[in-house]
Amino acid sequence: MTAHIIDGQALAMQLRSRVAGHVARLKEKHGLTPGLAVVLVGDDPASELYVRNKRRQTIEAGMTSVEHKLPTETSQADLLALIEQLNCNPEIHGILVQLPLPKHLNANLVIDAIDPAKDVDGFHISNVGLLGTGQDAMVPCTPLGCLMLLRGHLGDLAGLEAVIVGRSNIVGKPMAQLLLNESCTVTIAHSRTRDLATICRRADILVAAVGRPEMIPGDWIKAGATVIDVGINRIVRGGKRQLAGDVDFSSAAGIAGAITPVPGGVGPMTIACLLANTVTACCRSHALPPPDGLTL
Ligand code: GUN
């Protein structure tokens with residue numbers, strides 16, 4: 001079998017164009033421009049690249065982009081003061097603090113200082129609790145993007161066996177909640193899981209989010225399974241720098257029914273979902289109905 005390649009780039013482009021349409025209507029009908037503030041502390045090159053891409057796509061969608069670049073040695077108090085200022089700014093509808101933060105900063109305290117209504121990352125404990133109890137929440141962008149890809153390819157997911165490899169707060173845990181809400185049978189596996197290969201082999205849906213290049217070989221995949229590869233790992237192969245997922249694409253593509261490539265799979269969906277969440281937050285803050293096709 002040769003797997004169908006799930007084109008995240010194309011789906012993300014469709015979503016971004018829906019977002020841009022909603023932004024144009026919000027401006028025209030209500031005089032509103034959704035605004036996203038991104039806070040970056042320090043100079044991690046990968047984070048700087050992500051933030052640049054977010055800014056460019058926010059502006060392309062017609063929204064306001066505000067960037068706060070702070071030095072590595074920024075204090076917790078100064079960062080919290082900036083968040084409070086953004087919480088109170090009516091022109092800002094979404095706030096994202098790029099993670100990871102430098103070690104001296106407490107990420108949990110920082111995230112929980114964000115107004116949950118502006119928490120477009122869906123990391124605030126209120127949003128985590130809402131998602132966990134099946135209520136309307138801001139949904140974390142990467143798992144939301146994965147779910148959109150899965151629904152686009154498989155339609156109804158009810159009853160399917162889903163295995164998520166990785167238990168992070170950013171991807172693994174919210175992905176499990178989303179798939180439970182879709183009535184999948186969900187297993188979360190992680191670095192201490194025994195016999196990971198056997199557990200992966202029972203998955204109809206396999207989500208790999210461990211951050212270890214090509215850790216999952218093709219023979220851990222059930223024939224015909226749908227594989228979502230969240231990993232974006234920088235590797236050197238044959239003397240060349242390139243990106244690799246958490247799944248060994250070349251062996252997996254011969255066995256899976258469908259697979260997301262790296263790059264061009266989950267990555268573009270994450271930013272498109274961030275833009276969608278910002279528009280949703282803007283609508284909610286003005287008591288407007290949530291726009292079609294941007295939320296679950
Ligand atoms: N770092 C890696 N992924 C993410 C994300 O989705 N949101 C934030 N804020 N930081 C990240």
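The values are calculated or read from the model by the stated rules, or taken from the named source; none is laboratory data. Just so it is clear, the structure is predicted and the values come from calculations on it, not from any experiment. Cβ coordinates were reconstructed from backbone atoms using ideal geometry, including for glycine residues, and neighbour counts include every protein chain displayed. Just the protein is used for accessible areas: all its heavy atoms, side chains included, with ligands, DNA and RNA removed. Shrake-Rupley method; radii C 1.70, N 1.55, O 1.52, S 1.80 Å.
What the table shows:
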{"read-out": "In degrees, nearest ten, helix 76-88 long axis to first principal axis of the chain (Cα)", "value": "70 degrees"}
{"read-out": "Straight-distance crosslink candidates among aspartates and glutamates, where the alpha carbon sits under 18 Å from Lys240 and sequence neighbours closer than 8 are dropped", "value": "Glu214, Asp248"}
{"read-out": "Check: region 25-79 dipole with +1 on Lys, Arg Cβ and -1 on Asp, Glu Cβ, in debye", "value": "480 debye"}
{"read-out": "Nearest-ten-degree value, helix 266-285 long axis tilted from longest Cα axis of the chain", "value": "40 degrees"}
{"read-out": "Sum of -39500 (n - 2.57) over DSSP H runs of 4+, divided by residues of the chain (222 nm, nearest 500)", "value": "-12500 deg cm²/dmol"}
{"read-out": "Rounded to 5, percent antiparallel among DSSP beta bridges of the chain", "value": "15 percent"}
{"read-out": "Long-range amide H partners of Val66 with built H, under 5 Å", "value": "Leu36, Ala37, Val38"}
{"read-out": "Spin-label pair Asp219/Asn89, simplified geometry with 7 Å Cα→Cβ offset, distance in nm", "value": "5.5 nm"}
{"read-out": "Centroid-to-centroid separation of region 266-285 and region 67-108 [C-alpha atoms, Å]", "value": "19 Å"}
{"read-out": "For the chain, Cys with no neighbouring Cys Cβ under 4.7 Å", "value": "Cys88, Cys146, Cys184, Cys200, Cys282, Cys283"}
{"read-out": "Unit charges on C-beta of K, R, D, E only; dipole of the chain, Debye", "value": "460 debye"}
{"read-out": "Rounded tilt (10° steps) of 45-60 against the dominant C-alpha axis of the chain", "value": "70 degrees"}
{"read-out": "Aspartates and glutamates with Cα under 19 Å of Lys27, excluding same-chain neighbours fewer than 8 positions away", "value": "Glu60, Glu91, Asp292"}
{"read-out": "Sulfur and carbon atoms: percent of accessible area, region 197-264 [1.4 Å]", "value": "54 percent"}
{"read-out": "Residue-by-residue Karplus 3J(HN,Hα) for region 254-262, coefficients 6.51, -1.76, 1.60, Hz, glycine and proline x", "value": "x, 10, 5, x, 8, 8, 8, x, 10"}
{"read-out": "Computed E for Ala81/Glu161 - FRET, C-beta separation, R0 35 angstrom, nearest 0.05", "value": "0.15"}
{"read-out": "Surface accessible to a 1.4 Å probe, per residue, for the residues of the chain, Å²", "value": "46 Å²"}
{"read-out": "Segments 232-245, 78-91, 170-183 sorted - mean Cβ within 10 Å per residue, highest first", "value": "170-183, 78-91, 232-245"}
